[in-house]
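Inspection log for the structure reproduced underneath, given as structure tokens.
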Protein chains: 2
Amino acid sequence: MGRGRPRKTDPEEVLDTAMKVFWDKGFEGTSMSDLVCATGMAKPGLYACFGDKESLYKKSLTRYYENLGTPLLDDFKNSKDPLPIALRRFFEAVARSMLDTNCPSGCFVVNSLVEGTSQHPELEALGKEYDQKRRDAFVKKFEDAQKNGELPPNIDARAFGEFFSAQSLTLGVLGRTDACKNKLFSFIDVAMTVLPSRE
Amino acid sequence: MGRGRPRKTDPEEVLDTAMKVFWDKGFEGTSMSDLVCATGMAKPGLYACFGDKESLYKKSLTRYYENLGTPLLDDFKNSKDPLPIALRRFFEAVARSMLDTNCPSGCFVVNSLVEGTSQHPELEALGKEYDQKRRDAFVKKFEDAQKNGELPPNIDARAFGEFFSAQSLTLGVLGRTDACKNKLFSFIDVAMTVLPSRE
DNA sequence: ATGATAGAATACCGGTCGGTATATATGCTA
DNA sequence: TAGCATATATACCGACCGGTATTCTATCAT
């Protein structure tokens, strides 16, 4: 094991860097040369390591999702806290990641909106998959809360779940355009008022 | 007047068609050849008429905004109806335009998120300008409603205004990804519950 | 040392990009 | 009908695109 010339660049770092470039310039707006400059890995290396441009993008987005999105969502799903607590923690974590300049904030919503269109069916499918996971988690959480009496029985738990699921996208949009700590957090404050009280 | 060879294609139709192509493929993903095919106007004609690609995009987006966004926003601003009525009418009009397949729904949010990045400062500025107009209108409406006693005095009218302003972006996102009449309208129903009752 | 292995670096491919120069067609005015 | 003004159509430009073949270099096992 360990034969051959050692790598100059760690492939996982390459994926992280690539995601930032894609986030900054968009999929179509990013050239392979941009990625070569940013990552330090030469073009043939990128192709050998990750396949073509679209595969590289998919792998970047997947890694990003598994490192950031999945843990956040799992924490929310598995939380034993009352719904308002868990919900607020989820949104504040999303908001913090949006404010982290080292983090390509909002790439999910960007992917869903633009990269994943009819032109790139695989990217579209990836985006829809993530969207669906989030929405399902939210809806289930709200339905469970209703069963547990945390939410009044006369509301449409699914609609409320989907509403809040969509608010994480809104945070992504605001994070890219308006990003400012106070605004994101006061947005969350207002959103939380949607939660009906127990009775 | 009327000298020279007559136009084969109406420039305003060209702008409408161009916006649809940009909406479908994104700014970077759209080539001038795509636009030539879609609009029927030859490339030199496009350049003579609209300037370069970025100018054409700006003119398309501006026209779209003035034909759709401005009237909607003006109706909302000038409405004498109670706030919940005016708000719901605004959101339902936005939702309907999202569901209109002839209408490149959500190009504002797309522009803000992706086209208008550091790579295209002019597009970014245009997006920010529209964003600001909408936000200002919402904030003013909520502040006025508070003064008129339509909203309780103990809430942060600005934060509520910005929250609802952002919901029109969320409708844009949902319209592009989830578009389905029931979902958009039940999203609006839930969002409306944020409005605190008079007292 | 030496050969095998695997990444790095360079140069290169056909195609398409945004943008334009040139020539032709069409209608108005006089 | 002559001529001008304006749009259209074609062909073309250099640059850059995504992707690859080839060569060079560094590290391993032997």
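A few comments on the model shown:
- B:ARG176 being open to solvent by 20 Å² or more (accessible area, probe 1.4 Å), closer than 17 Å to A:VAL173 by Cα and within 12 Å of another protein chain (Cβ to nearest Cβ): yes
- Some residue of the stretch B:50-58 being out of contact with any strand residue (DSSP E or B) (no Cβ under 8 Å at 6 or more places or on another chain), farther than 28 Å from A:ARG176 by Cα and within 16 Å of DNA strand C (Cβ to nearest atom): yes
- Residue list for the stretch B:10-58, filter: among the β-branched types (Val, Ile, Thr) and part of a helix (DSSP H, G or I): B:VAL14, B:THR17, B:VAL21, B:VAL36, B:THR39
- One residue alone among B:LYS43, B:LYS58 is surrounded by 16 or more Cβ atoms within 10 Å (Cβ to Cβ) and either within 16 Å of DNA strand D (Cβ to nearest atom) or not β-branched (Val, Ile, Thr) (or both), and that residue is B:LYS58.
- When A:GLU66 is tested against the conditions (1) surrounded by 13 or more Cβ atoms within 10 Å (Cβ to Cβ); (2) more than 15 Å from DNA strand D (Cβ to nearest atom), the lone failure is (1).
- Contact annotation: residue pairs with Cβ atoms under 6 Å, 6 or more positions apart or on different chains, pairing a residue in the stretch B:105-121 that is more than 13 Å from B:TRP23 (Cβ to Cβ) and more than 7 Å from every other protein chain (Cβ to nearest Cβ) with a partner that is part of a helix (DSSP H, G or I) and hydrophobic (A, V, I, L, M, F, W, C), are B:GLY116/B:LEU123.
- Among residues of the stretch A:2-15 that are under 13 Å from A:GLY45 (Cα atoms), those with a Cβ under 6 angstrom from a residue that is within 9 Å of DNA strand C (Cβ to nearest atom), sequence gap 6+ or separate chain, pair up as A:THR9/A:GLY40; A:THR9/A:MET41; A:PRO11/A:CYS49; A:VAL14/A:MET41.
- Any hit, the stretch A:148-158, residues being in a helix (DSSP H, G or I) and within 14 Å of chain B (Cβ to nearest Cβ): yes
- Residue list for the stretch A:90-111, filter: modelled with pLDDT under 90, open to solvent by 10 Å² or more (accessible area, probe 1.4 Å) and touching a Ser or Thr at 6+ places or on another chain (Cβ under 7 Å): A:CYS103
- Residues of the stretch A:1-28 satisfying the condition of being within 14 Å of another protein chain (Cβ to nearest Cβ) and away from DNA strand C (no atom under 11 Å from the Cβ): A:LYS20, A:VAL21, A:PHE22, A:TRP23, A:ASP24, A:LYS25, A:GLY26, A:PHE27
The values are calculated or read from the model by the stated rules, or taken from the named source; none is laboratory data. Computed from a predicted structure; not experimentally measured. Please note: Cβ atoms are built from the backbone with ideal geometry, for glycine as well, and neighbour counts cover all protein chains shown. Just so you know, the surface numbers come from the protein's heavy atoms only, side chains and all, with ligands and any DNA or RNA stripped out. Shrake-Rupley method; radii C 1.70, N 1.55, O 1.52, S 1.80 Å.
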